[in-house]
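Take a look at the structure below.
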Amino acid sequence: MKVMPVCVGEVDLNGPVLTAAGTGGLGAELSEYGDLSELGGVVVKSLASFEWSGNPAPRVASWGESMVNSVGLSGPGIARWLEEYLPDLRKTKARVVASTWGRSVQEYADVAQALINSGVVAIEVNASCPNLEGRTGIFAHSAKLTAELVAASKVGGVPVWIKLSPNTPDLVSIAEAAIEAGADALVLTNTLLGMVIDTKSRSPILGNEVGGVSGRGIFPVALRAVYECRAAFPDIPIVGVGGIASGEDAAAMIMAGADAVEVGTATFENPRAPWRIQRELFEWLSANGTTLTEIKGAAHG
């Protein structure tokens with residue numbers, strides 16, 4: 001596959017398509033399906049400052065073309081990740097983005113501190129998980145808490161990308177607070193809140209009852225989020241994510257204003273999806289006689 005470098009702010013990527021957090025593993029798991037260095041980058045599963053077992057099973061359910069998950073951000077913690085997973089990922093020469101989460105602003109700060117000098121090209125702050133401090137349910141539903149997460153993660157000169165939630169009508173104002181706090185890029189968006197009920201047992205399927213809806217069905221929601229934030233913030237780098245399943249989807253997301261895109265749930269169906277979608281995007285550009293630069297933000301006229 002040919003290389004088509006792109007930039008997300010100050011971050012140079014090897015292509016316009018990255019893997020999405022939580023869908024490509026903690027390290028080099030996808031390397032048996034393709035050359036990770038040919039992708040824009042690898043966003044690893046969200047990391048906390050502590051080991052976390054996640055939510056009770058069942059954790060995943062399907063609904064049509066969508067997936068509903070309540071995995072609960074299970075993971076080994078940042079110390080084990082740095083020792084056990086990052087070395088193998090480095091060997092692939094992939095551009096590595098570390099997704100982070102915590103139950104408090106300080107816990108986000110602790111992970112960011114641990115990532116100094118790790119070689120990751122950016123920190124993707126997962127602000128869309130439940131919080132304990134603000135009693136608002138989700139950090140990214142509060143402009144104040146979102147700004148605090150950004151500020152706490154701005155350590156050691158590592159660029160900070162903030163991943164926001166589509167489950168709020170205040171997305172643009174929350175994005176503004178994040179930018180004012182120093183966010184280097186917006187990642188739009190995370191999953192939609194949802195649930196699935198087993199009509200035979202008459203009870204929720206997921207052990208945590210509710211979860212995050214991802215997959216093809218949320219693409220129009222993510223597209224709208226990128227479009228609105230690009231209109232509001234013409235100069236902020238944006239990474240579009242949510243329901244992208246083809247090269248044409250990626251092209252539409254870039255037309256809405258994204259600088260790069262992430263592929264998530266499609267990878268569960270086919271682990272080679274990120275490479276396929278990037279290749280399809282290149283083919284679409286060639287067939288239409290255009291470039292990424294020419295189509296970026298084109299939907300805004």
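Every read-out reported here was derived from the displayed coordinates using simple, explicitly stated rules and does not represent laboratory data. Remember, it's a predicted structure, so these values are computed and weren't measured experimentally. Cβ: placed from backbone, ideal geometry, glycine included. Neighbour counts: every protein chain shown.
Data for the structure
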| read-out | value |
| --- | --- |
| Total residues in the stretch 252-301, condition among the charged types (D, E, K, R) and within 19 Å of the chain's Cα centre (by Cα) | 5 |
| Among residues of the stretch 33-59, those that are touching a residue at least 40 places away in the same chain (Cβ under 8 Å) and part of a strand (DSSP E or B), counted | 4 |
| Filter result (within 17 Å of Arg90 (Cβ to Cβ) and either under 16 Å from the mean Cα position of the chain (by Cα) or assigned to a loop (DSSP other than H, G, I, E, B) (or both)) within the stretch 21-32 | Gly24, Gly25, Leu26, Gly27, Ala28 |
| Qualifying positions in the stretch 91-116 - farther than 23 Å from Thr189 by Cα and either acidic (Asp, Glu) or exposed (fewer than 15 other Cβ atoms within 10 Å of the Cβ) (or both) | Lys91, Lys93, Gln106, Asp110, Gln113, Ile116 |
| Which numbered condition Ile244 misses (of (1) crowded, with 21+ Cβ neighbours inside 10 Å; (2) more than 13 Å from Ala20 (Cβ to Cβ); (3) of a type outside the set (S, T, N, Q)) | (2) |
| Selection status of Ala252, farther than 18 Å from Glu65 by Cα, touching a strand residue (DSSP E or B) at 6+ places or on another chain (Cβ under 7 Å) and not in a strand (DSSP E or B) | no |
| Single condition Leu223 does not satisfy, out of (1) of a type in the set (A, V, I, L, M, F, W, C); (2) closer than 23 Å to Leu47 by Cβ; (3) surrounded by 22 or more Cβ atoms within 10 Å (Cβ to Cβ) | (2) |
| Filter result for Pro16 (of a type outside the set (Asp, Glu), without any contact (Cβ under 8 Å) to a residue 12 or more places away in the chain and in contact with a strand residue (DSSP E or B) (Cβ under 8 Å, 6 or more places away or on another chain)) | no |
| Enumeration of residues in the stretch 269-301 that are in a helix (DSSP H, G or I) and either among the polar types (S, T, N, Q) or surrounded by fewer than 16 Cβ atoms within 10 Å (Cβ to Cβ) (or both) | Glu269, Gln278, Glu283, Ser286, Ala287, Thr293, Glu294, Ala298, His300 |
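Results for (1) in contact with a strand residue (DSSP E or B) (Cβ under 6 Å, 6 or more places away or on another chain); (2) closer than 30 Å to Leu292 by Cα; (3) crowded, with 22+ Cβ neighbours inside 10 Å, shown as yes or no for each residue.
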residue: Gly22; (1), (2), (3): no, yes, yes
residue: Leu26; (1), (2), (3): no, yes, no
residue: Leu36; (1), (2), (3): yes, yes, yes
residue: Phe50; (1), (2), (3): no, no, no
residue: Val60; (1), (2), (3): yes, no, no
residue: Ser70; (1), (2), (3): yes, no, yes
